[in-house]
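Reviewing the structure listed below.
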Amino acid sequence: MYGSVGCNTYGKLSKEDRDALMSLLEYLDGPMDRNVDPDIEALRLPDNYRKRYTI
Amino acid sequence: MEIYTIEDCNFYSVLCGETDNAKYILRYIRSKEIEAEFVVVEKNYIDRDFCVDYSKYYSSSHTKVSRTCRRIHFFKKPQSGNLEELFKSPKGTEVLQELYCGFTVIDGIYEVKGGLRGHIGRTVLPTYCGHKEGCEKRGGRSFFHAYVQKVSLFGHELKLTSLPFTTKDEDVGMCATAALWVAQFPLVERHGGNRFSQYEITDAASRIGLGMSGGRRFPAGLFDEQMTGYLYEKGYEVESLKADETQKELVSEAIKTFVNAKVPVIASLSLYKAEYDEPDGHAVIISGYSLDANGKLDGVYVHDDNVGPYARVKFENGVNDWKYKGGEYEEYRSIKLDALIVPLYPKIKLSYLPVLKEGKIYSKQLNNAPYEIMLIEGKDYKKEVLRENYTLFNLEDGLDRTQAVKEMLLPRFIWVVRCTYKGYKLDFLLDSTSIERRCIASHCVMPPLSEK
């Protein structure tokens, strides 16, 4: 189990830190988050983007 | 053998014209980082690309254009002896290699009253940080140059690692063609396949959506769908990203990710003469980037056919707002970065935006830990682990999995989300060959004890 091993890497993490990491690992075991992130979506080039390169 | 000092020769006459590009090349090779002092002229040089353009275009022109080219090499000053002696000596190669500062090919040469005119074609010049392969960081700058150019000169075999550049040959293509021409070098070097001349690129791209260019295909200012269509046709996938002004940080990150991955990024620019004018569309290749003292992206280097290779661009008001450091495009009021067009290996199915979203999620889960996204070859990831003598602790059980990761079968390309959490470097390796996010491995990357 994560954190129970006597590895000094993790021994220095607080319980909260380890819990956060644990929660992330649980997420990684599951499916991708399908919610739309507006910040990321802002980088999606719109379908109607059209430009001519003339110079 | 024609050897001249740059000081004493008529440089622009050697380059067949006092163009803005020729002026840029002169400034570049004379800069304190390069310090070239000599030119060596190879006359009647046969250039592979121009041979194609000659046979497909110039051979049927009434104006007499030379089939052969001129290749101009640049050298630093030798500490002792002279270049001619070095060229004649079988032992001169090593010293010549040290002194070598690249070349430019002048093609499409024709006579005018009082001289010759030509077009600056394939040009390979060193980056400011030297001749080493890969992205080198010197003083906070990072460069992109991924193609080893071998040069045979009077029996000496020289090498230069750089990203080749060309100006547009306005008879057969405009900026988009020149950008695609440059982009193909690292792509072909890495993924195989053939390279194409400017004529061939315009010819193929302008057949996509025939009539789009107002009837005639030559000379053609390509549309972006013709550029992406061309890349699809050549077997690549294309990521097109909007350089959204509200997401400057993310746009900067995207540039860093792809330049670090040695991927040629085509920047789609709008140049405005006046605020409400219809802008001029321009395409350039982002060939490097620069970081400020805090590690933030503060500029890029571009292969701009109107300017030259590794032209310095600084950001006026963030990553979207460009200003050329050399004062180019002074006639324009502003230059805006609109989009990034990124050609990728087709088996990379997991696209950038979902990976970026994953990075944000991991960061949020880890109390907003800083993160970066890397696109890296599986073998290079293993190489890095070996070279840096990293120990990899599995995040699930905390066990040392260094050897297991080295022995792990990895896809050719992996996305790596690297979070810095409480001083630890955490890597999440994502399978790039799957549209669904699949985490192949996750571990804490520890440097050797002495470096902690």
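The values are calculated or read from the model by the stated rules, or taken from the named source; none is laboratory data. Keep in mind that what you see is a predicted model, and the values were worked out from it rather than measured. Reconstructed Cβ throughout: ideal geometry from the backbone, glycine too, with neighbour counts over all protein chains shown. For accessibility, only protein heavy atoms count, side chains too; no ligands or nucleic acids. Shrake-Rupley method; radii C 1.70, N 1.55, O 1.52, S 1.80 Å.
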Inset, instruction - Could you tell me whether region B:353-401 comes out rounded, prolate or oblate from its Cα gyration tensor? Rule is a ≥ b ≥ c as square roots of the eigenvalues, rounded for a/c under 1.5, then prolate if a/b exceeds b/c, otherwise oblate. - result: oblate
Legend entry - Positive-pole candidate from B:I109, B:V313, B:N389, dipole of chain B, charges at beta carbon: B:N389
Inset, instruction - Work out the length of the dipole vector of chain B about its Cα centre, built from +1 on the beta-carbon of each Lys and Arg and -1 on the beta-carbon of each Asp and Glu, and round it to the nearest 20 debye. - result: 820 debye
Legend entry - For region B:228-305: rounded, prolate or oblate by the Cα gyration tensor [a/c cutoff 1.5]: oblate
Legend entry - Sequence of B:C444, B:C9 from largest to smallest accessible area, 1.4 Å probe: B:C9, B:C444
Legend entry - About the Cα centre, charge dipole magnitude for region B:296-452 (Lys/Arg +1, Asp/Glu -1 at Cβ), debye: 340 debye
Legend entry - Ranked order, B:S60, B:S89 - accessible area, probe 1.4 Å, largest first: B:S60, B:S89
Inset, instruction - Using only Cα atoms, figure out Rg for region B:253-398 and give it as a multiple of 2.2 N^0.38 Å. - result: 1.26
Inset, instruction - Give me the angle, in degrees from 0 to 90, between the Cα long axis of helix B:248-260 and the longest principal axis of the Cα atoms of chain B, rounded to the nearest 10. - result: 70 degrees
Legend entry - Cα Rg, Dmax (largest Cα-Cα span) when computed across chain B, Å: 23.4, 79
Inset, instruction - Among B:Y232, B:Y58, B:N260, flag the residue with its Cα farthest along the positive direction of the charge dipole of chain B, charges on Cβ as +1 for Lys/Arg and -1 for Asp/Glu. - result: B:N260
Legend entry - Magnitude of the charge dipole, the protein assembly as shown, Cβ model with Lys/Arg +1 and Asp/Glu -1, debye to 20: 780 debye
Legend entry - Net length gained if the chain between A:I55 and A:D33 were fully extended (0.36 nm per residue, minus Cα distance): 3.7 nm
Legend entry - Separation between Cα centres of region B:413-428 and region B:314-381, rounded to whole Å: 17 Å
Legend entry - Surrounding net charge for B:Y24, when Lys and Arg each add one and Asp and Glu each subtract one, Cβ distance under 13 Å: 0
Inset, instruction - Leaving ligands, DNA and RNA out of it, report the carbon-plus-sulfur percent of the accessible area of chain B at a 1.4 Å probe. - result: 46 percent
Inset, instruction - Give me the angle, in degrees from 0 to 90, between the Cα long axis of helix B:175-191 and the longest principal axis of the Cα atoms of chain B, rounded to the nearest 10. - result: 60 degrees
Inset, instruction - With all protein chains present, calculate the accessible area of B:Y345 using a 1.4 Å probe and round the result to the nearest 10 Å². - result: 40 Å²
Legend entry - Part-to-part distance (alpha-carbon centres) for region B:1-75 and region B:227-294, which is given in Å: 29 Å
Inset, instruction - Keeping every protein chain in place, order B:T391, B:T161, B:T19 by accessible area at 1.4 Å, biggest value first, i.e. largest first. - result: B:T19, B:T391, B:T161
Inset, instruction - May I ask you to give the solvent-accessible area per residue for the protein assembly as shown, in square angstrom, as obtained with a 1.4 angstrom probe? - result: 45 Å²
Legend entry - Helix-derived mean residue ellipticity, 222 nm - over chain B, DSSP H n ≥ 4, -39500 (n - 2.57), to 500: -7500 deg cm²/dmol
Inset, instruction - For region B:138-282, just say rounded, prolate or oblate: build the C-alpha gyration tensor, square-root its eigenvalues into a ≥ b ≥ c, call rounded for a/c under 1.5, and beyond that prolate if a/b exceeds b/c, oblate if not. - result: oblate
Inset, instruction - Quick one: accessible surface of B:D280, probe radius 1.4 Å, all protein chains present, in square angstrom to the nearest 10. - result: 40 Å²
